[in-house]
Structure formats: C-alpha cells, structure tokens
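The values are calculated or read from the model by the stated rules, or taken from the named source; none is laboratory data. Predicted, not measured: the structure shown is a model, and the values here were computed from it. Cβ coordinates were reconstructed from backbone atoms using ideal geometry, including for glycine residues, and neighbour counts include every protein chain displayed.
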C-alpha cells in the first residue's frame with residue numbers, strides 16, 4: 001500500500017476502488033443492508049464499509065475471490081445452518097464472488113443484528129436507571 005495514499009473515508013470511495021462487477025455486488029450488498037436497517041448509519045471502520053445502530057451492526061469487504069461479511073459472532077451463530085455452506089470463522093463468512101450472493105440471507109442477518117443491538121441498548125438503559 002502506498003504510504004502517501006489518502007485513506008478511504010467513505011463507503012462510496014471504498015466501492016469505487018474495485019472493478020465494475022465487484023462494485024455492482026458491493027452496491028447490492030449496501031442496498032440490502034440499507035433496506036434491512038434503514039435507521040443505520042454507514043462509515044468506514046477497520047478499513048471497510050460498516051453499518052452502525054447502537055454500535056456496530058455489520059461490516060463487509062471485497063477480496064480477490066470472495067466478499068467478506070462480518071455480522072459479529074452472534075450473527076454467525078444465529079444463522080449457522082444456512083451459513084455452513086460457506087467458509088467462515090467466529091464472526092465472519094466468505095461469500096464466493098463467482099456464486100450468487102445470498103442477499104435475502106444477508107438481509108435477514110442484518111435484521112437479526114438490528115433487533116439484537118436495539119435490545120442491548122434497551123437493556124443498558126434499564127441498568128442505568
């Protein structure tokens with residue numbers, strides 16, 4: 001990486017650095033997340049697109065042969081059966097670039113994470129009282 005390169009500051013800048021096909025996939029994932037979490041804000045965190053609502057919801061990133069999706073360990077655990085056909089780890093999953101993206105599944109995972117973060121925020125509020 002060029003040490004003089006300006007760091008990426010927006011999701012648009014992040015997406016624009018990729019080829020046309022990858023940009024299209026990233027835009028579709030972004031739209032899917034926006035539809036599942038319309039109140040969420042987007043930013044760059046850990047060098048990748050991130051959506052937040054009462055804390056981090058999900059991150060995603062493009063790689064040479066896959067799209068990484070990071071819905072936290074709880075998001076992976078809640079959908080472990082459906083995600084078992086993909087490579088993954090405790091808090092991440094790899095969707096191969098040469099296969100159809102599971103947008104419907106991504107949307108459901110995001111909705112799960114929204115509900116989880118809202119519940120965590122409400123629980124925190126109750127503890128402060």
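Name the pairs whose Cβ atoms lie under 7 Å apart, with the first residue in segment 37-54 and at pLDDT below 95, the second surrounded by fewer than 16 Cβ atoms within 10 Å (Cβ to Cβ), and 6 or more positions between them or separate chains?
Short answer, once both residue conditions are applied: 54/118; 54/120; 54/121.
Only one residue in 111, 90 is surrounded by fewer than 18 Cβ atoms within 10 Å (Cβ to Cβ), in contact with a helix residue (DSSP H, G or I) (Cβ under 6 Å, 6 or more places away or on another chain) and in contact (Cβ under 8 Å) with a residue 24 or more places away in the chain. Which one?
After applying the criteria, what remains is 111.
Looking only at segment 62-77, how many residues end up being surrounded by fewer than 19 Cβ atoms within 10 Å (Cβ to Cβ) and touching a helix residue (DSSP H, G or I) at 6+ places or on another chain (Cβ under 8 Å)? Please lay out each step first, then the result.
Initial filter on segment 62-77 (surrounded by fewer than 19 Cβ atoms within 10 Å (Cβ to Cβ)): 63-66, 68, 73-74, 77.
Imposing the further condition that a residue be touching a helix residue (DSSP H, G or I) at 6+ places or on another chain (Cβ under 8 Å) reduces the set to 74.
Count: 1.
Go over the candidates 15, 44 one by one and state the one that is over 13 Å from the mean Cα position of the chain (by Cα) and either on the phi > 0 side of the Ramachandran plot or surrounded by 12 or more Cβ atoms within 10 Å (Cβ to Cβ) (or both).
Values: 44 fails: over 13 Å from the mean Cα position of the chain (by Cα).
Only one candidate passes the filter, namely 15.
If you scan segment 93-108, which residues turn out to be surrounded by 12 or more Cβ atoms within 10 Å (Cβ to Cβ) and at pLDDT below 95? Steps first, answer last, please.
Within segment 93-108, the subset surrounded by 12 or more Cβ atoms within 10 Å (Cβ to Cβ) is 93-97, 101-103, 105-108.
The answer is 97, and nothing else.
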